[in-house]
Amino acid sequence: MQPSAHQSAELGLDGDAFDSGEYAAIGDSPWEYARMLRTLLGNLDGMVYRCRHDAGWTLEFVSDGCTRLTGYLPGELLQSKRVCFAELVHEEDRQRRRVLTERAIATRERFGAEYRIVRADGAIRWVWERGVAVFNSASGAIVFEGFIEDVTERKRSDEALEAAERRYYSMFENAMDGIFRTAPDGRFLVANPALARLYGYGSPRELIDAVRDPARQLYVKPEDRAEFLRRLETDGSISGFETQVYKKNREIIWISVNAHLKRDAAGCVMHYEGSVEDITERRLYQARIEHQANYDALTGLANRSLLNERLSQAIAHAERDAGHVAVAFVDLDQFKFINDSFGHQLGDNLLQTMAERLKRCIGKADTVARQGGDEFVLVLCDYAQADQITRLVQRIQAVVAEPWTAGRREFNVNCSVGIAVYPQDGRTADVLLRNADSAMYKAKENGRNNFQFFTAELNRHMFERLSVEHKLRGALARKQFLLHYQPRVNLRTGRIVGAEALLRWRTSRGSLYRPDRFISVAEDTGLIVPIGKWVLRTACEQAQSWQIQGLRPIVVSVNVSPRQFREGNMVQTVAEALEHSGLPARYLQLELTESMVMHDAEKFVSMLREIKKLGVQLAIDDFGTGYSSLSYLKRFPVDHLKIDRSFVKDLVTDPDDAAIVQAIIALGHKLGLRMVAEGVETEEQREFLLRSRCDEMQGFLFCKPLPVADFAAMLADSRAELSRDG
Ligand code: C2E
Ligand code: MG
Ligand code: MG
């Protein structure tokens, strides 16, 4: 391990490289300086050298580290005793080193080289050398001085790292799933080709450049994105997050995202990373499977299992809200015959058509299901009254009965319907279905194209309604309607100022029906339109005829229903009634209901203005039972407000009602309306209303609605008026 005596003397180096003995201050002796250098060189992990600029790079000096580096003792290397430096360098790398050293001479710059050496034991090691050419100006000789260290281990780990990187890069590039890194604002920082493909872009670059705002550009529901980020923030990672996104061509696909969030040392979000999978196929498949499990393949209606689920849900809701659910079993009367005689294909088509027709009849919350064969089941929510159900079932029967053409044939199909209602006919899905089914069988027994409620009570109601409807259809032609008149009087003077025409129906059996027995049926069936027209004409004629008879002119009020406005040409009907009768328009008043004014306000306000232009007066009837605000009424050209009977009834006993009535009167007066109290029956009520400055009243206290002759007699009898004069 010793440099030769000759060299050591030259360099001032001798003694043991690993010596750790005494030392002195550097300035004190040149030997101390040499000693320190020797220690440092000897301890270097690597080899310090000087070599000549000759063919073999003859070594003139090597530090002790040479043995560990090369396996040769210094003596074996110096002066190329056993091997020369050039031989030490792997033969494949030798020329490269030579080029570098020559260049270093030319440029007078340091050189660095990485190459292989062959150790004494034949092992090949990677080394890193840093050297410099040193010139002797006197002799012109050149030597190289430098340091060589073993970098085999580092080189190996670098290579391993590179290999790993190459491998991961290839995985990233060739992955089937999309891989991304995004900035906290959502913009893509990194994307792989699969991600670009998934979103329909030509390359990752195009995707990164195009998508600046993923929440809006990619997400079909931006709120999903918000949810995704929220979960990522709280949990740090998210897996299997499924959502719908737009591709570049606006096609919508389902994706599943795994992601995690990277924070910096300060805890701020640096970026998100993760992967995206296109799961559209799976979703479609799932949807198909679910659909198959819940829907009837032929008609697309809910099947038995979904029916049970929906019915149970509806029952649960009804239970909570004290509501009702009706279950209707619908069975096509002629199906079996058609199916057997004309073939199954035709039978199938018929079922499909009927399924479509049934769907048209029901509301959003309702369900139509195919129970099997030609049986359909309807789950009807929010049908509290037998009336409503009856009306719906009638519509269903009408819709089913519409002629159906297949090829050149036309079929007329009817259905039988059985109905059970929650809660009275059963509290579970099973019981309701069973009872609706048995009601349906009863309907069939009663003859086809029939329907039956499970409950006798509801059946009675339905029958009555149906019979009213049946009889009502002929009533107009048979001249069974008549009008009674109830006086409207000035509260203060008791003087008759008007009369309300109230419809009565004398049936063929002689009973006199009041409107509550038939008006709703007339409205539902549309019969109210011709009937209302008759009322209007008759009332106008009557009022005009009283005037012709010489009776004091009074205003006659006629009730009109919303349907007349919707379906009849009201303006024309009114004008014709006036013209036909010769009654001056100022003696006619129309009574509109509050709900009609409120609901169809925009549509009707112009019609009302036109009617008003004719000179006809308008009143709002039953005021206080709807939800109108008085300020809203300002927009309508109304003259009278009739306070509903229900407020007047308890006026004297209920302070709330008293306050309401007083408030309505005060506000009505502010709007310039004349106030009428309906249903005044007692003197106390009249006194209260008088005190509250109500203008007019109508009610049994003064007079019940009277037949024409009686009313005329009363009007003629001035004494009757005088006796009531306040
Ligand atoms: P309405 O327009 O509010 O008519 C007043 C109703 O209250 C009348 O019932 C009348 O007999 C009743 N009545 C009057 N004073 C008293 C009283 O002091 N006590 C009580 N308990 N009742 C009183 P009616 O004649 O049975 O008419 C009921 C409803 O039928 C009317 O209420 C009106 O909305 C409707 N109506 C009547 N005739 C027609 C019509 O020709 N066409 C339309 N569309 N509806 C009509
Ligand atoms: Mg009225
Ligand atoms: Mg009324």
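Every number in this text was worked out from the coordinates using simple rules, so none of it is lab data. From a predicted model like this one, the values you see are computed outputs, not experimental measurements. Reconstructed Cβ throughout: ideal geometry from the backbone, glycine too, with neighbour counts over all protein chains shown.
Rounded to the nearest 500, what is the chain's calculated 222 nm mean residue ellipticity when only DSSP H runs of at least 4 contribute -39500 (n - 2.57) each, over all residues? Taken over the chain, the calculation gives -14000 deg cm²/dmol. Counting other Cβ atoms within 10 Å as a rough exposure proxy, the listed residues 348, 695, 657, 185 run 185, 348, 657, 695 from fewest neighbours to most.
If packing is taken as the average count of other Cβ atoms within 10 Å, what order do 676-683, 234-241, 309-316 fall into, highest mean first?
676-683, 309-316, 234-241
Taking 0.36 nm per residue of separation and subtracting the Cα-Cα distance, full extension of the segment from residue 348 to residue 430 would add 26.8 nm.
Among 168, 261, 286, which residue has its Cα furthest toward the positive end of the charge dipole of region 161-306, with +1 on Lys/Arg Cβ and -1 on Asp/Glu Cβ? So the residue furthest toward the plus end is 286.
Straight-line cross-link partners of residue 533 among the aspartates and glutamates, defined as a Cα under 15 Å from its Cα and at least 8 positions apart when in the same chain: 523, 541, 567, 576, 579, 591. Residue exposure proxy: 596, 47, ordered by other Cβ atoms within 10 angstrom of their Cβ from fewest to most, comes out as 596, 47. DSSP beta bridges confined to the chain are antiparallel in about 75 percent of cases. Counting other Cβ atoms within 10 Å as a rough exposure proxy, the listed residues 415, 66, 381, 268 run 268, 381, 66, 415 from fewest neighbours to most. Its Cα centre serving as origin, region 295-454 has a Cβ charge dipole (Lys and Arg +1, Asp and Glu -1) of approximately 200 debye.
Filter the GluC sites (Glu not before Pro) in region 98-203 down to the DSSP loop ones having no more than 11 other Cβ atoms within 10 Å, then list what survives.
109
Shape analysis of region 47-184 places it in the prolate category; the axes a ≥ b ≥ c from the Cα gyration tensor give an a/c of at least 1.5, with a/b above b/c. Here the calculated FRET efficiency for residue 401 and residue 492, from their Cβ-Cβ distance with R0 = 51 Å, stands at 0.30, rounded to the nearest 0.05. Residue pairs exceeding 26 angstrom between C-alpha atoms, taken from 649/670; 613/634; 479/603: 479/603. Comparing 195, 234, 214 along the charge dipole axis of region 159-238, the residue lying farthest to the positive side is 214, per the Cβ-charge model. Looking at region 175-284, the pairs of alpha carbons with a distance over 23 Å make up 19% of the total.
Using C-alpha pairs below 8 Å separated by at least 6 residues, the relative contact order for region 295-454 is 28 percent. Here's the list of lysines a cross-link from residue 359 could span, going by alpha-carbon distance under 24 Å and ignoring same-chain residues fewer than 8 apart: 336, 444. Each Lys and Arg contributes +1 and each Asp and Glu -1, all at the Cβ; summed about the Cα centre of the chain, the dipole is approximately 3600 debye. Which angle between 0 and 90 degrees, to the nearest 10, do you get for helix 304-321 versus the longest principal axis of the chain when only C-alpha atoms count? Approximately 70 degrees, to the nearest 10. A full extension of the chain between residue 172 and residue 650 corresponds to an added length of 163.8 nm, given 0.36 nm per residue minus the alpha carbon distance.
Over region 262-304, all Cα pairs binned in 10 Å intervals from 0 give whole-percent P(r) values of 23, 22, 16, 14, 15, 9, 0, listed from short to long. Ordering 688, 577, 48 by the projection of their Cα atoms onto the charge dipole of the chain, which places +1 on the Cβ of Lys and Arg and -1 on the Cβ of Asp and Glu, puts 577 at the extreme positive end. The equivalent ellipsoid of region 295-454 has semi-axes of 27, 16, 13 Å, largest first, where each one is the square root of 5 times an eigenvalue of the Cα gyration tensor.
Given an 8 Å cut-off on Cα distances and at least 6 residues of separation, report the relative contact order of region 67-202 as a percent.
14
In vacuum, with every alpha carbon of the chain counted as one equal point scatterer, what does the Debye formula give for log10 I(q)/I(0) at q = 0.06, 0.08, 0.12 Å⁻¹? Two decimals, please. Computed log10 I(q)/I(0) values: -0.67, -0.94, -1.20.
Secondary structure note: in region 377-498, about 60% of the DSSP beta bridges are antiparallel.
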